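Single-structure report; data block below.
Here, each number is a calculation from the coordinates, and none is a lab measurement. Quick caveat: nothing in here was measured; it's all calculated off a predicted structure. Methodologically, a virtual Cβ is constructed for each residue, glycine included, from the backbone with ideal geometry; neighbour enumeration extends over all protein chains shown.
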Amino acid sequence: MSLSNSQFHDLVDATQRNLEDILDDSDADIDIENSAGILTLTFENRHQVILTRQEPLKQLWLADRSGGFHFDYDSSVSQWRCDANQRTLTDMLGEILQAHTALDFDLSSL
């Protein structure tokens, strides 16, 4: 079943909002900026991670120094999955966050 534009936007908004809440509640020193659906995380070492929506493809994109990753929403398991390797956004983003903060995050709400 494909997502409507409204469903897609709601899912991306919820994912970004939940991530912001998780990071705000943590001890991590991460600057968070959300503007026009682009969520930018800037770490102490000036490294940035960017999450943005790609409406025409109905994908959530994650940009990191290690590469750009495109996630499709898998409604059968309620998770974003990378189209290249089928890993979840939760797993991949958790590894990136841990690498830059040395903290573990519970991203299960994403």
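List the residues whose amide H sits under 5 Å from the amide H of GLN59, counting only those 5 or more places along or on another chain, with H placed 1.01 Å from N in the peptide plane.
Distant-sequence amide H within range of GLN59: GLN54.
Tell me the relative contact order for segment 45-110 as a rounded percent, counting alpha carbon contacts under 8 Å between residues six or more apart.
That works out to 17 percent.
For the chain, calculate the relative contact order in percent as a whole number, restricting contacts to Cα pairs under 8 Å that are 6 or more residues apart.
19
Please report the orientation-averaged projected area of segment 30-87, defined via the convex hull of its C-alpha atoms, in nm².
4.7
Viscosity 0.890 mPa s, temperature 25 °C: give me the Stokes-Einstein translational D for the chain in µm²/s, with Rh taken as the Kirkwood radius over C-alpha pairs.
My calculation gives 174 µm²/s for D.
What is the gain in length, in nm to one decimal, between ASP106 and VAL77 on full extension, counting 0.36 nm per residue of separation less the C-alpha to C-alpha distance?
Separation in residues times 0.36 nm, less the Cα-Cα distance, equals 8.7 nm.
Can you give the calculated 222 nm mean residue ellipticity of the chain, where each DSSP H run of n ≥ 4 adds -39,500 (n - 2.57) and the sum is split over every residue, rounded to the nearest 500 deg cm²/dmol?
Per the formula, -10000 deg cm²/dmol.
Let me make sure I get this right: for segment 12-58, a, b and c are the square roots of the gyration tensor eigenvalues over alpha carbons, sorted descending. Under 1.5 in a/c it's rounded, otherwise prolate if a/b > b/c, else oblate. Which is it?
oblate
Pick out, from VAL49, SER66, ASN34, the residue whose Cα sits farthest towards the positive end of the charge dipole of the chain, with +1 on the Cβ of Lys and Arg and -1 on the Cβ of Asp and Glu.
Projecting each Cα onto the dipole axis, the largest value belongs to SER66.
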